[in-house]
Amino acid sequence: MTGTSTEKKNVFIIGAKSIGQYGGYETFLDKLTEAHEECSRIQYYILTKANGSGCMDETKLSGVHRIKKNKKGEVYAFKYHNANVIKLPVPQIGAAQAIAYDVRAFRWCLAYIRKKGLSNQSIIYVLACRIGPFFGNLVKEAHRLGVKVFVNPDGHEWKRAKWPNYIKKYWKNSEKLMVKSADLMICDSVNIEKYIRDEYSQYRPKTTFIAYGADLKKSILADSDSVFTEWLSRNELKPLKYYMCCGRFVPENSFETMIREFMNSQSEKDFAIITTKDDAFLEKLEQKLHFGSDPRIKFVGTVYNSELLKKIRENAYGNFHGHTVGGTNPSLLEALACTDLNLLVDVSFNHEVALDSALYWGKASGELASLIDKADAMDEETRRDYGCRAKERIASAYSWQIIADKYERVFN
């Protein structure tokens, strides 16, 4: 494609733990750099975590080369797709480590830009609004070098139920301070962009909308592939005889509602829950719902094999999506690309993405249970029609190539 400038841009991206592993930003970086692998107008530099939970593990990526090691023999940098990937050590200081990591990564970028003489040719792109109290000074330093600073605000992180009130206040204030100083806010949801413009109108923020992407390719696994059939057998599931959901095991993803309502439905299918482990939250739900007495409710752990997860989605009778916080959610796009029938919690973000290609439910008692019974009774032609509409929606608005092209225009 053709842009407005022939000058090569150096794009430094900070805020993701790694590349290509489980998580929205991690997948985004994988797909973006893959789409731009042959792009001569952009050079990516991606800062990742060298240690701690979710850190960068280059052995899980194929196509890594130009590996650099320190004196201890530890990998600290490598080339992947169109990106120079740097692994930064992070102090293990609990929840605050994410803030320390982002600040350290930003300072690394500034030092590298100075050292290599990349002023006026560089952009620093910050994923999420964690470092507001430090952001103004960092941006001033970047501007002195002629560097632009873009921010992806993600969703309403300050609304997440897991945070105590003082952390929620920090997130909200941090968001405000980052909107105030950023050169551009890149929002992955029309609703988030509207919120940023309305909530912080006094700063007259410059914004643009670029969604997250999804892949419409079918899984490379055959129906008879042992990786898939063994997963089914291990979890006592059969193709098209289960509903599923996939997402972080946190309250704002509506697990309580989905489990309660499924238990109250008449469905003879299973409910496979693909999620992270949180024993405390699991025990809390068990005490409240007693789902252990319902053999249809099956917690099946995480699935990090992307082709297997795609195959599981393709063979699900239906998919539940209960995310209530955030913008364009990756797991929703992936579900629309793979699963014919999607039952989504009724929030503006989900309507924006799926339009009329899905069914919607509220959290009132009995509402989702009734919708499940309706879905069970749906004829095959109607279910397939929903699937076709969902895939058309992904192809027209959320393909990775569309997303990558939009980013190339913005960066150049």
Study note, to complete from the structure: Only one of Gly136, Gly155, Gly213 is modelled with pLDDT of 90 or more and closer than 27 Å to Thr27 by Cβ, namely Gly213
Revision key, fill the gap. Note on Val179: of the conditions (1) more than 28 Å from Leu332 (Cα to Cα); (2) touching a Cys at 6+ places or on another chain (Cβ under 9 Å); (3) not hydroxyl-bearing (Ser, Thr, Tyr), unmet is (1)
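Hey, could you check region 12-49 for residues that are outside any loop (DSSP other than H, G, I, E, B) and among the polar types (S, T, N, Q) and say which is surrounded by the most Cβ atoms within 10 Å (Cβ to Cβ)? Let's see the steps before the verdict.
Start the filter on region 12-49 by keeping residues that are outside any loop (DSSP other than H, G, I, E, B), which leaves 12-14, 24-35, 42-49.
Still in the list and also among the polar types (S, T, N, Q): 27, 33, 43, 48.
On the way: Thr27: 22, Thr33: 23, Gln43: 18, Thr48: 27.
In this case the residue turns out to be Thr48.
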Check your understanding: Is there a residue being among the β-branched types (Val, Ile, Thr), closer than 20 Å to Val151 by Cα and within 21 Å of the chain's Cα centre (by Cα) anywhere in region 99-114?
Key -> yes
Review point. Which of the residues belonging to region 116-149 are touching a residue at least 60 places away in the same chain (Cβ under 8 Å) and either of a type in the set (Phe, Trp, Tyr) or out of contact with any helix residue (DSSP H, G or I) (no Cβ under 8 Å at 6 or more places or on another chain) (or both)?
Key: Gln121, Tyr125
Practice item. Check region 367-377 and report whether any residue there is free of Cβ contacts under 8 Å to residues at least 60 places away in the same chain, farther than 20 Å from Gly213 by Cβ and under 21 Å from the mean Cα position of the chain (by Cα). Key: no
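Going through region 128-152 one residue at a time, which ones are aromatic (Phe, Trp, Tyr) and in contact with a Ser or Thr (Cβ under 6 Å, 6 or more places away or on another chain)?
Matches in region 128-152: Phe135 only.
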Exercise for review: Only residues that are in a loop (DSSP other than H, G, I, E, B), open to solvent by less than 40 Å² (accessible area, probe 1.4 Å) and of a type outside the set (Asp, Glu): list them for region 158-207, please.
Suggested key: Arg160, Ala182, Ser189, Tyr200, Pro205
Study note, to complete from the structure: Among helices (runs of 4 or more DSSP H) entirely within region 225-304, at least 1 residues that are open to solvent by less than 30 Å² (accessible area, probe 1.4 Å) and touching a Gly at 6+ places or on another chain (Cβ under 9 Å) occur in 255-264
Point to revise | Top-ranked residue of region 208-224 - restricted to ones that are surrounded by fewer than 17 Cβ atoms within 10 Å (Cβ to Cβ) and of a type outside the set (Gly, Ala, Ser), ranked as farthest from the chain's Cα centre (by Cα) | key: Asp223
Check your understanding: Filtering region 383-412 down to residues that are touching a helix residue (DSSP H, G or I) at 6+ places or on another chain (Cβ under 8 Å) and of a type in the set (Val, Ile, Thr), which residue is nearest to Lys31 (Cα to Cα)?
Key -> Ile403
Review point. With (1) under 30 Å from Cys246 (Cα atoms); (2) out of contact with any Leu (no Cβ under 7 Å at 6 or more places or on another chain); (3) surrounded by fewer than 21 Cβ atoms within 10 Å (Cβ to Cβ) as the list, and Lys79 as the residue in question, which single condition is left unmet?
Key: (1)
Exercise for review: Count, please, the residues in region 117-147 that happen to be of a type in the set (D, E, K, R) and within 17 Å of Leu47 (Cβ to Cβ).
Suggested key: 2
Point to revise | Single condition Glu175 does not satisfy, out of (1) modelled with pLDDT of 95 or more; (2) within 17 Å of the chain's Cα centre (by Cα); (3) among the acidic types (Asp, Glu) | key: (2)
**Study point:** Restricting region 305-318 to residues that are out of contact with any Phe, Trp or Tyr (no Cβ under 7 Å at 6 or more places or on another chain) and outside any helix (DSSP H, G or I), the residue that is surrounded by the fewest Cβ atoms within 10 Å (Cβ to Cβ)
**Key:** Asn305
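The values are calculated or read from the model by the stated rules, or taken from the named source; none is laboratory data. The model shown is predicted, which means the values in this text are computed figures rather than measured ones. Cβ: placed from backbone, ideal geometry, glycine included. Neighbour counts: every protein chain shown. Keep in mind that these areas ignore ligands, DNA and RNA; they rest on the heavy atoms of the full protein, side chains included. Shrake-Rupley method; radii C 1.70, N 1.55, O 1.52, S 1.80 Å.
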